[in-house]
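Report on the following structure.
The values are calculated or read from the model by the stated rules, or taken from the named source; none is laboratory data. This one's a predicted model, so the numbers in the text were calculated from it and none came from an experiment. So basically every Cβ, Gly included, is an ideal-geometry build from the backbone, and we count neighbours across all protein chains shown.
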Amino acid sequence: MDATHDPNRTHARREKLLPTLEALLAIEATDLRGTLEQAADLLVGALGAEKVDVSLHDPSINTLVAMGVSNTPMGRRQRQIGMDRLPVANGGRVVEVYQTGEPYITGHAEEDPLVLPGFTRGLGVRSLMAVPMAVAGELRGAVHAASSRVDAFTDEDLSFLEAVARWVGMVAHRGELVEQIARDAVEAARRTAADEMVTVLAHDLRNHLTPLKARVDLIHRRAGRLEDAKLTEHAEEAQIALSRLHRMISAMLDVARLDQGLFSLSLQPVDLAHLADDTAAMLGVREGQINVHAPEELVLQADPDALRQALENLLANALTHSPKGVPVTVEVSEEETHDGRLAVIEVRDEGPGIPTQVLPRLFERFASGPHSQGLGLGLYLAWSIAEAHGGTLTAHSQLGQGTTFRLALPLQA
């Protein structure tokens, strides 16, 4: 009797469906690959197949990768000849199932020109069926079974595989969640260790910085009395370097205060135009040229020290990346939005710009671009200060065309 019309096999598949689903749910998810390999081994027995694959699409290489392969001779052979990876560009019936979402079955794979030769000639596959697989509601891959026997699978087998694939998708989702939780735990531990190290290092550096700064200031004053231009220049360069180091240490300590919940604001009326002029004058004289365009007055409720620190960080970042002799521009303005009036500071440099892949994590701790020389804390602190004031800090950049940071703060009576 033809396998496609065998009532005994149909009944047997229905009898196996519930136990198979229960066994799938009983799989303990430890990692994605291990979880899907257990699922594939389970389905081999339920289907009477010689190989079952659970393949997921890897968008980075546009390939269906068999994350779960049954531990059978044909499954092991498949990995040896590289048929566990199916580039979408190469096509084939399994790829077609993934792309269209339509199931496929054949009992004579050697007669179908769209079945890849690696299956028919490399593995000796004669019967093949494949169904799409969704993970968390998104079409992500396919589950496919193979046999060297002709007409090894029935239409009922295909329906069985479709039903099971939904549950395999749930198992895959659990495996991915477990892996994500593990990655998050590792990242959290890494950040905690880094934060502790940074805090200890910052305290030690500050202790050494104070006497060093006093010595450099003494040398600068002595050079002035001796009217030694060269010594004065060297002393001023040393003061600039110490100033940068002081800002870096302050940033490290402020990050620790943020993490410990000790960072608080002392709100009072602040003239943003005057603050921008004053901060630019302090940094611009020593570290480069800064052009400020601001109204005569723009007052808002803010913490002046925190706001100054945020602006210093933005200006220091802009000065670092601006070409020598090219000024940094600061624009202070007032904007009317549907959420109310905003005080806006824009800091624009003409530097190399920020790569697209760096922009999404620009304001994270320890994030830095290819041209950055710092720890990646200054922008994180500026962003945190903006958020603490109920405002926003955003960045717009194009490679080769510079970067603009936009600090927007609500204007409150």
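Residues in the range 215-265 that are of a type in the set (Gly, Ala, Ser) and either modelled with pLDDT of 80 or more or part of a loop (DSSP other than H, G, I, E, B) (or both) were compared, and the one that is surrounded by the fewest Cβ atoms within 10 Å (Cβ to Cβ) is 261. Here 128, 158, 139 are screened, and the one residue that is out of contact with any helix residue (DSSP H, G or I) (no Cβ under 8 Å at 6 or more places or on another chain) and either at pLDDT 95 or above or over 19 Å from residue 84 (Cβ atoms) (or both) is 158.
Across the range 128-158, the number of residues qualifying as in contact (Cβ under 8 Å) with a residue 60 or more places away in the chain, closer than 25 Å to residue 169 by Cβ and of a type in the set (Gly, Ala, Ser) comes to 6. The residue pairs whose first member lies in the range 339-357 and is under 21 Å from residue 278 (Cα atoms) and at pLDDT 90 or above, whose second member is hydroxyl-bearing (Ser, Thr, Tyr) and assigned to a loop (DSSP other than H, G, I, E, B), and whose beta carbons are closer than 8 Å, counting only pairs six or more residues apart or on different chains, are 349/322. Here 90, 62 are screened, and the one residue that is at positive phi, surrounded by fewer than 18 Cβ atoms within 10 Å (Cβ to Cβ) and not basic (Lys, Arg) is 62.
Looking only at residues in the range 266-284 that are surrounded by fewer than 16 Cβ atoms within 10 Å (Cβ to Cβ) and under 20 Å from residue 378 (Cβ atoms), the one that is modelled with the lowest pLDDT is 282.
Scanning the range 305-341 for residues that are part of a strand (DSSP E or B) and in contact with a Pro (Cβ under 8 Å, 6 or more places away or on another chain) turns up 332, 333, 334, 340, 341.
Taken over the range 381-407, the criterion of being within 22 Å of the chain's Cα centre (by Cα) and outside any strand (DSSP E or B) is satisfied by 381, 382, 383, 384, 387, 398, 399.
Please work out which residue is surrounded by the fewest Cβ atoms within 10 Å (Cβ to Cβ), limiting yourself to the range 34-59 and to residues that are under 18 Å from residue 174 (Cβ atoms) and in contact (Cβ under 8 Å) with a residue 60 or more places away in the chain.
If we take residues in the range 34-59 being under 18 Å from residue 174 (Cβ atoms) and in contact (Cβ under 8 Å) with a residue 60 or more places away in the chain, then 34 is surrounded by the fewest Cβ atoms within 10 Å (Cβ to Cβ).
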